[in-house]
Structure formats: structure tokens, C-alpha cells
Amino acid sequence: MSNYRNDFIMSLKEYQVWSRLGWTDILKKYRRSFIGPFWLTLSTAIYISSIGVIFSEIFNTPMQDYLPYLALGLIFWMFINQCVTEGAEAFINNAHYIKQMPIKLAIFPMQVIWRNFIVLAHNMVIFVFIAILFDINITWYSLWSIVGIIIFSVNVLFLTLSLSCFCARFRDLHQIVLSIMQIAFFATPIMWNKTALLGQRDYVLDYNPFFHFVELFREPLLGGHIALSTVSFVSIFTVFNMIVAAAVYKYSFKKISFWV
Amino acid sequence: MSKIISLKNVSLDIPIYDGSNISIKKQLLSYATGGRLAMESKVCRVQALKNINIDINKGDRVALLGHNGAGKSTFLKLLSTIYHPTSGTININGEVSTLFEVGLGMDPEMNGIDNIITRGLLYGLKKNQIVAMIPEVVDFTELGEFINFPIRTYSNGMLLRLAFAISTIVKRDILLLDEIIGAGDASFMNKAEARINELVEASDVMVLASHSNEILKKMCNRGLVFRHGEIIFDSNIDESIDFYINHY
């Protein structure tokens with residue numbers, strides 16, 4: 001009657017709930033400010049341009065090559081990072097609901113992903129400006145990056161489903177997740193170019209799921225092509241991820257209300 | 001009489017997690033060192049409900065009696081599928097609505113209408129259903145123009161009225177209530193009571209936990225007395241209250 005699979009499917013169907021919760025999270029933060037959620041865009045824009053100016057000097061790369069690459073990488077990394085770190089706390093942060101009313105549990109990770117998708121959409125305004133500024137050629141192939149966002153969202157949903165179960169049971173795990181994401185940021189070519197690592201320590205890129213997800217999003221928009229190795233890695237990762245999530249959620253589902 | 005809720009040999013152990021057993025570092029260390037440390041980190045369990053066998057039929061208005069910690073609230077959480085039994089089986093035919101904590105999930109930054117919509121969605125209503133209900137809910141709260149203000153500007157009384165109105169918008173087959181009696185001015189208390197009665201009328205089964213024998217007597221027709229997680233008495237409401245008073 002109420003099992004983990006039913007919970008997941010019903011949560012997807014109750015899109016009105018998680019989309020509203022996600023959207024009101026954003027509104028709440030910016031309700032009393034003049035430009036509203038575009039504060040997100042503005043602060044990201046400042047962040048990107050300052051790093052862009054400094055690092056294009058350090059790496060000795062022309063701005064028109066470096067800035068689009070950095071902007072897309074950072075914007076998507078922010079999406080990845082927030083989804084994972086906030087998603088890991090999805091159950092803990094909603095303990096009051098989980099303990100006080102019969103509610104579908106999987107709506108909470110979905111809420112986190114939806115909220116951050118809205119942030120991503122706002123931040124993409126920056127790329128539009130950059131694309132106009134540096135005259136970046138947008139083609140039909142660029143649309144693949146939307147597919148990239150969807151594939152990552154599906155993956156991060158399963159990932160946070162497992163993570164939020166673990167983090168509800170073991171409270172210090174969230175700190176470990178934060179540290180891992182920090183290291184992952186430096187191990188993923190966002191500030192630096194991936195060609196810098198080619199031929200040496202290939203494994204840093206080959207087995208870094210975040211690298212492949214960033215590639216899925218970034219390459220089509222920069223006029224590049226998605227490598228076959230990325231497609232095959234992501235496919236295998238997705239299947240693996242779903243199996244793990246199903247197993248973890250099945251085991252945890254009836255215990256979550258005790259854990260939170 | 002048709003069975004709406006049926007519990008067979010249901011027991012519930014609630015694990016208590018504290019300092020060391022919610023830490024993955026300590027868990028891993030205890031595997032590494034074994035023995036004594038592993039013993040320390042064992043999760044302690046409270047047997048909250050023991051061997052519950054009960055059928056609740058259509059038309060039953062069930063009162064839960066018992067001391068604090070006797071298992072009343074836990075029993076309600078079990079019926080609402082917030083908790084799942086450790087052993088035994090529960091069968092529930094019908095949709096459940098709960099009223100455990102009136103102010104749950106109210107957002108101080110949002111206005112009254114937005115709070116109504118969010119809560120309605122959380123209760124499993126569709127957005128268009130809620131929008132259709134809004135005039136009636138607003139009318140009930142008597143908040144007038146204030147409904148468009150952020151609820152952080154409300155007084156306690158206004159908050160209570162809104163919270164109560166929001167909490168009672170869903171009508172379902174099975175109604176579970178836990179200590180719903182709050183403060184408020186006298187005229188509102190009468191309205192609140194009338195609204196609760198409306199909900200109860202619309203439901204097939206109502207289960208109510210309260211410490212007020214007066215309210216239980218007025219609203220219920222059957223009483224269950226809990227002690228240490230077991231149901232020790234099950235009869236009509238008057239006998240149950242007498243039993244409860246005489247034995248405690």
C-alpha cells in the first residue's frame with residue numbers, strides 16, 4: 001500500500017507540490033528586494049567576471065575563449081553543487097513535515113532540484129549576454145545541452161535520494177559530502193581547461209562523473225561535440241545510480257520517520 | 001458494519017538515535033576496533049506499541065485515553081502511515097486526513113492566501129480545488145483584508161484562526177486528531193467546534209487523542225485505554241472513561 005516505489009511515483013505525480021515548494025523557497029529569499037530573484041543573476045555575474053578577469057591573465061588565455069568556458073562551467077557547477085549538498089539534507093530539513101503528516105517523501109529531493117533549476121535558469125541570462133558580447137555561434141546542436149540538464153537532473157534525483165537517506169541516518173555525513181564537493185570542484189575542469197590534464201592523470205577526468213555531466217552541458221553551447229566516452233560513462237553511471245537508489249530507498253523508506 | 005481499519009498483532013519499536021550512533025565516523029571506528037566499542041554504539045529501542053489487535057468499523061468515533069507516553073500519539077502516527085509497524089499487519093480502507101499540529105508548515109513571509117494554497121497542496125489537493133475553496137476558508141477566518149498580508153504581521157489569535165481553517169479544508173474517510181484544542185476567543189472556539197463536527201460528520205471513522213474527558217465524551221462513542229503501549233480496555237466511551245478514571 002505505501003511502499004518506496006509507490007512513494008516515488010506518487011511524488012513525481014504531485015509535481016504541483018514540489019514545484020510550488022521550490023518556487024516559494026526562491027520567493028522567500030528575495031521577496032522584499034527590488035529586482036527579486038535576479039539578485040541571483042547579478043551576484044553570479046559579478047563572481048564570474050571577477051574570476052574571469054583574474055584567471056584569463058593567470059592562464060594567459062584570451063578573454064573571448066576563457067569567459068564563455070568559465071561562465072558555463074561555473075553556472076552549471078553551482079547547479080550541481082547546490083543540488084547535491086542541499087539535496088543531501090532534504091529529509092533532515094523537512095523533519096517537521098515527515099513526522100507530523102502523511103506525506104510523500106521523495107517530493108523533498110524533487111523540491112531541491114526544482115529550486116536549483118530555477119536558479120540555473122536565472123543564471124543562464126548571463127550566458128546570453130556573453131554569447132551576444134563575444135558573438136558565440138548557437139546552432140541546433142546546442143540544444144543537446146538541454147538534454148544534458150535533464151540527464152543530470154534525473155541522475156541527481158537518484159543520487160540525492162540515496163544521499164538524503166544516508167544523511168538522515170548519519171548526521172556527520174553531510175560534512176563529508178561538503179568536503180567531497182569542494183575537492184570535486186578543483187578536480188573538475190571549470191576554472192582550468194581540460195586539455196591541461198590530457199595525457200597525464202587521465203583518470204581524474206575519466207572517472208569523474210561531474211566532469212562528464214559538465215561536458216554534456218557545456219560542449220554543445222561552445223560549439224564542441226560530446227565525446228563518445230562521456231556518453232558511455234554517463235549511461236553506465238545512470239544505471240548504476242538508479243540501482244543504488246532503489247536499494248537504499250527500499251531499505252530506508254520505512255525508517256526515515258525515525259531517523260529524521 | 002464494515003471494517004475500515006484493522007490491526008493484527010501490531011508492534012512498534014522506535015529506535016532512539018543519540019550522539020554516537022548517528023555518527024558514521026564512530027560507526028566505522030567501531031567496526032575497525034570491534035568488541036567493546038561496537039557494544040556501546042548499539043541503537044537503543046523503545047517498545048512504543050505492543051501486540052495491538054483491533055478493528056475499527058464504519059461509524060466509530062474512537063477516543064484514545066492514557067497517560068503521556070502511553071502510546072496514543074504513536075498509535076495515531078501508525079494509522080496515518082507516518083510510522084510503519086515493526087511487526088504485524090495494518091489494513092486501512094480509505095483515505096486518511098490528519099490534524100496533529102495546527103500550525104505545521106506555515107510560512108511567516110507569505111500571505112494568507114499563499115499559505116492556504118501551499119498547505120492544501122501538501123494535504124494532497126489539486127491547485128484548482130484549493131482555489132475554489134479559498135473564499136470559504138477566508139470567510140471562516142474572518143481576516144478580511146488581512147488575508148493578503150504576510151502572516152508574520154498577524155496576532156496570535158489571527159494566526160490560530162488561519163491555521164485552523166487551513167488544517168480543516170480536507171474531508172476524508174478517516175479523520176485522525178491529536179490534541180487539537182487550542183486557545184482562542186470564545187466565539188471562535190464555538191465556530192472551531194462546529195467545523196470539527198462538520199469534518200467528523202463527513203468521515204467514516206474518527207480517532208481522537210485528548211486529555212479532556214469532557215471533549216471525548218461529547219465527540220466519541222468508543223474508548224480505547226492505553227497503558228505502556230498496550231490497549232488494556234476497549235468499550236463504549238462512558239465505560240472507558242470510568243475505567244480510566246478508576247484505574248489511574
Determine which lysines satisfy two conditions relative to A:LYS250: a Cα distance under 20 Å, and not lying fewer than 8 residues away in the same chain. A:LYS13, A:LYS99, A:LYS104
For a test of the definition: using alpha carbon positions, the gyration tensor, and the 1.5 limit on a/c, classify chain A as rounded, prolate or oblate. prolate
Whole-percent carbon and sulfur contribution to the accessible surface of the protein assembly as shown (1.4 Å, no ligands, DNA or RNA) stands at 60 percent
Comparing the chain by itself with all protein chains present, which residues of region A:4-28 are at least 20 Å² less accessible (probe 1.4 Å)? A:GLU14, A:GLN16, A:VAL17, A:ARG20, A:LEU21, A:THR24, A:LYS28
Taking a probe of 1.4 Å and leaving out DNA, RNA and ligands, region B:99-203 shows per residue an accessible area in Å² of 43 Å²
So which aspartates and glutamates can A:LYS255 reach, going by Cα to Cα under 15 Å and dropping same-chain residues fewer than 8 places off? A:ASP7, B:ASP13
Gap separating the Cα centres of region A:117-144 and region B:119-157, nearest whole Å: 40 Å
For the pair A and B, the solvent-accessible area buried on both sides (1.4 Å probe; DNA, RNA and ligands excluded), in Å² to the nearest hundred, is 3200 Å²
Expressed in nanometres to one decimal, the distance between label points 7 Å along Cα→Cβ at B:ASN236 and B:ASN190 is 3.0 nm
Taking 40 Å² as the minimum loss, tell me which residues in region B:115-131 lose that much accessible area going from the chain by itself to the full protein complex (1.4 Å probe). B:THR118, B:LEU121, B:LEU122
If one builds a Gaussian network model of chain A from Cα atoms under 10 Å apart, the most fluctuating residue listed among A:ARG20, A:ARG31, A:ARG201 is A:ARG201
Ordered by number, the residues of region A:138-174 with at least 30 Å² less accessible area in the assembly than alone (1.4 Å probe) are A:ARG169, A:PHE170, A:ARG171, A:ASP172
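How high is the relative contact order of region B:99-203, in percent, with contacts defined as C-alpha pairs under 8 Å that are six or more residues apart?
On the way: 103 pairs, mean separation 38.3, N = 105.
Result for region B:99-203 is 36 percent.
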Given points 7 Å out from each Cα along the Cα-Cβ axis, report the A:ASP206 to A:ILE176 separation in nanometres with one decimal. 2.7 nm
FRET E, pair A:ILE146, A:LEU228, Förster distance 22 Å, beta-carbon r, rounded to 0.05: 0.65
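Given N residues in the protein assembly as shown, what is its alpha carbon radius of gyration divided by 2.2 N^0.38 Å?
On the way: Rg = 27.1 Å, N = 508, 2.2 N^0.38 = 23.5 Å.
Taking the Cα Rg and dividing by 2.2 N^0.38 Å, one obtains 1.15.
The values are calculated or read from the model by the stated rules, or taken from the named source; none is laboratory data. Quick caveat: nothing in here was measured; it's all calculated off a predicted structure. Neighbour counts are summed over all protein chains in view; Cβ atoms, including those assigned to glycine, are modelled from backbone coordinates with ideal geometry. The accessibility values were calculated without ligands, DNA or RNA, using every heavy atom of the protein model including side chains. Shrake-Rupley method; radii C 1.70, N 1.55, O 1.52, S 1.80 Å.
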